[in-house]
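Participant: The structure is given below, and queries will be raised subsequently.
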Amino acid sequence: MDHRLVAEEWVLGVEFCTQQKAFPLDGLPERACLLDERDGQPIAIFWYAKTRTAVAFDRRLDGQTLTLYADEVSPESAPFKDKQTGTRWTLAGRGIDGPLRGRELDWVNSIQCRWYAWSAEYPETTVYGPKE
């Protein structure tokens with residue numbers, strides 16, 4: 001048993017090229033966007049508590065790296081926004097208004113599961129958090 005997190009805690013486990021990382025979801029606000037980078041791949045984790053859904057996307061689009069964030073004033077249908085263009089993004093990674101309307105972010109290989117399952121499969125995983 002890996003005691004870095006509570007066994008039943010929900011995480012989004014992400015597989016990068018050479019390593020894996022767990023992003024704890026319990027305790028996040030209603031809308032959250034976690035930014036990270038591993039193996040040269042900048043990613044964003046979108047979290048939406050109303051549906052208890054987390055998903056990972058590559059932040060690169062058309063040669064630029066987007067700085068995404070959870071926007072509290074955006075509608076529920078597009079709770080995320082990027083600082084570069086002001087485009088609003090859905091939980092599915094689709095731009096619905098702004099200069100990048102109609103564009104899609106690339107999904108990153110990931111799975112939402114309990115910590116005990118992820119850590120058993122990937123015992124060398126790192127954990128996202130302030131102590132990294």
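Participant: Between S77, S110, S119, find the one with the highest GNM mean-square fluctuation for the chain; connect C-alpha pairs within less than 10 Å.
Facilitator: In the Gaussian network model the winner is S77.
Participant: Taking Cα centroids, how far is the stretch 95-132 from the stretch 10-32 in Å?
Facilitator: Measuring centre to centre over Cα atoms gives 5 Å.
Participant: To continue, here is another question. Give me the three principal axis extents of the chain from the C-alpha atoms, as integers in angstrom, largest value leading.
Facilitator: 47, 31, 22
Participant: For K50, go through the aspartates and glutamates and keep the ones whose alpha-carbon is under 20 Å away, minus same-chain ones fewer than eight residues off.
Facilitator: E8, E9, D26, E30, D71, E72, E76
Participant: While we're on this one: With a cap of 16 neighbouring Cβ atoms within 10 Å, and only residues DSSP puts in a loop, list the trypsin sites (Lys or Arg not before Pro) found in the stretch 102-132.
Facilitator: Sites meeting the loop and neighbour criteria: R103, K131.
Participant: Send over a whole-number figure in Å² for the accessible area per residue of the stretch 1-126, probe 1.4 Å.
Facilitator: Roughly 50 Å² per residue, with all protein chains present.
Participant: Further question: List the residues, sorted by chain then number, that are 5 or more residues from F80 or on another chain and whose placed amide H is less than 5 Å from its amide H.
Facilitator: HN-HN under 5 Å from F80: D71, W89.
Participant: Provide, as a two-decimal number, the C-alpha radius of gyration of the stretch 83-132 over 2.2 N^0.38 Å, N being how many residues it has.
Facilitator: Relative to the rule-of-thumb radius for its length, the stretch 83-132 sits at 1.65.
Participant: Sequence gap at least 6, Cα distance under 8 Å: using those rules, report the relative contact order of the stretch 13-71 to the nearest whole percent.
Facilitator: Over the stretch 13-71, the number comes to 27 percent.
Participant: Turning to a different aspect of this structure: Out of A92, C113, T18, whose Cα points farthest toward the positive end of the dipole of the stretch 1-117 (charges: +1 Lys, Arg; -1 Asp, Glu; placed on Cβ)?
Facilitator: A92
Participant: Taking just the C-alpha trace of the stretch 48-124, give me its Rg and Dmax in Å.
Facilitator: According to the Cα coordinates of the stretch 48-124, Rg and Dmax are 14.2, 43 Å.
Participant: Keeping the other protein chains in place, figure out the carbon and sulfur percent of the accessible area of the stretch 1-60, with a 1.4 Å probe.
Facilitator: Carbon-and-sulfur percentage of accessible area, whole number: 51.
Participant: Once you keep just the Cα pairs under 8 angstrom separated by 6 or more residues, what percentage relative contact order results for the chain?
Facilitator: With pairs under 8 Å counted, the relative contact order is 29 percent.
The values are calculated or read from the model by the stated rules, or taken from the named source; none is laboratory data. Keep in mind it's a predicted model, so treat the numbers as computed, not measured. Heads up, the Cβs are rebuilt from the backbone with ideal geometry, glycines too, and the neighbour counts pull from every protein chain shown. Surface areas here come from the heavy atoms of the whole protein model, side chains and all, with no ligands, DNA or RNA. Shrake-Rupley method; radii C 1.70, N 1.55, O 1.52, S 1.80 Å.
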